[in-house]
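Visitor: Handing you this structure, nothing more for now.
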């Protein structure tokens, strides 16, 4: 066991590990900055605990052969669907900010959607990597859709359209890696654009027909017209953009961000979905560029793992997990600077939260499990 562990550690992508550690430390520091006004137990202490648990999960999955997860794929997938159903049951699921997204286990709150993302990626990778299975056949494409559709619909019903969207985009990336023909991929993209156009049309002319909650509709309208409701639904978006813009080239300094310290950026969202706004205000463009460079290192490591994978299963796993992390990074930063509607997407390794931290580190560990076994 010791010899095997040493061999795997030597093969590990150490540049990735250093980048991950730098992001974790940075996240704890700015969660401390964003939560200095909190009257509860300091969030940064909890985040340190979640980061350590995430590192243990990372090392555990790196050591475990990813083929073991392939063998357990359908059990993981079925369990995640069961948990997603339970979270929608009143009295079992916990309602927070108008959405049923949480379950309680042994006194700990967790989001089943985070497990569902990983379980669906593993199940998809197993399905599409079967020898002789070509993704240009209608039956195989339909099978992949039937795997993705149940968790997407259940997550959307919470409602959590942001996580459902990430899972859907990740599935499209995996279908492309598995060999989905470009004409079909283009047709799927066109269908998505038409669906967005239809949604916007209904939003303006027949909003009652949309299966969206009022706050979700208002988020989209505020994105299209930032001055529509600046003191209510548009408050977070406006204050986030002001925080990022006011950082300038080098920022105002650590713990000196006025949007955060003075409470214009609400303390309920500053350490979570809007942590990038806090960072950009305090370290400016230069610090934000360094942060993005660290994410580029992490994502590049995921692509290296996919390219070096010994088989199709490993390639699909690494590509899917990397695609999922990219969606989180891109959407979170885009929404904080006003390029996308506010979607409630956390920033990997930076935003406060236990479920998301564990799932992110598990994804990185699983991708490294593929990478360290590239020669075997």
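Visitor: Among the candidates 321, 347, 364, 316, which residue alone is assigned to a loop (DSSP other than H, G, I, E, B) and buried (at least 24 other Cβ atoms within 10 Å of the Cβ)?
Guide: Unique residue meeting the criteria: 347.
Visitor: What single numbered condition from (1) buried (at least 20 other Cβ atoms within 10 Å of the Cβ); (2) free of Cβ contacts under 8 Å to residues at least 60 places away in the same chain fails to hold for residue 158?
Guide: Single failed check for residue 158: (2).
Visitor: OK, next. From 132, 143, which residue is on the phi > 0 side of the Ramachandran plot and more than 15 Å from the chain's Cα centre (by Cα)?
Guide: Details: 143 fails: on the phi > 0 side of the Ramachandran plot.
On inspection, the qualifying residue turns out to be 132.
Visitor: Which of the following residues is surrounded by 17 or more Cβ atoms within 10 Å (Cβ to Cβ) and either at pLDDT below 65 or more than 30 Å from residue 195 (Cα to Cα) (or both): 270, 208, 237?
Guide: Numbers: 208 fails: surrounded by 17 or more Cβ atoms within 10 Å (Cβ to Cβ); 237 fails: either at pLDDT below 65 or more than 30 Å from residue 195 (Cα to Cα) (or both).
Going through 270, 208, 237 in turn, just one is surrounded by 17 or more Cβ atoms within 10 Å (Cβ to Cβ) and either at pLDDT below 65 or more than 30 Å from residue 195 (Cα to Cα) (or both): 270.
Visitor: Check 279, 342 and return the single one that is buried (at least 19 other Cβ atoms within 10 Å of the Cβ) and part of a helix (DSSP H, G or I).
Guide: 279
Visitor: Within segment 237-276, how many residues turn out to be under 22 Å from residue 162 (Cα atoms) and not in a helix (DSSP H, G or I)?
Guide: Looking only at that region, the number is 10.
Visitor: Give the residues of segment 134-159 that are touching a helix residue (DSSP H, G or I) at 6+ places or on another chain (Cβ under 8 Å) and assigned to a loop (DSSP other than H, G, I, E, B), sorted by residue number.
Guide: Within segment 134-159, 134, 135, 136, 158, 159 qualify.
Visitor: Taking interchain pairs and intrachain pairs at least six residues apart, which have beta carbon atoms under 6 angstrom, with the first residue in segment 36-47 and at negative phi and in a loop (DSSP other than H, G, I, E, B) and the second at pLDDT 80 or above and surrounded by 15 or more Cβ atoms within 10 Å (Cβ to Cβ)?
Guide: none
Visitor: While we're looking at this one, here's another question. Applying the selection to segment 313-362, what residues are out of contact with any helix residue (DSSP H, G or I) (no Cβ under 7 Å at 6 or more places or on another chain) and farther than 21 Å from residue 173 by Cα?
Guide: Scanning segment 313-362 gives 335, 339, 353.
Visitor: Mind checking which residues of segment 40-54 are buried (at least 18 other Cβ atoms within 10 Å of the Cβ) and closer than 29 Å to residue 374 by Cα?
Guide: 51, 54
The values are calculated or read from the model by the stated rules, or taken from the named source; none is laboratory data. All values reported here derive from a predicted model rather than from experimental measurement. We place every Cβ from the backbone using ideal geometry, glycine too, and count neighbours over all the protein chains shown.
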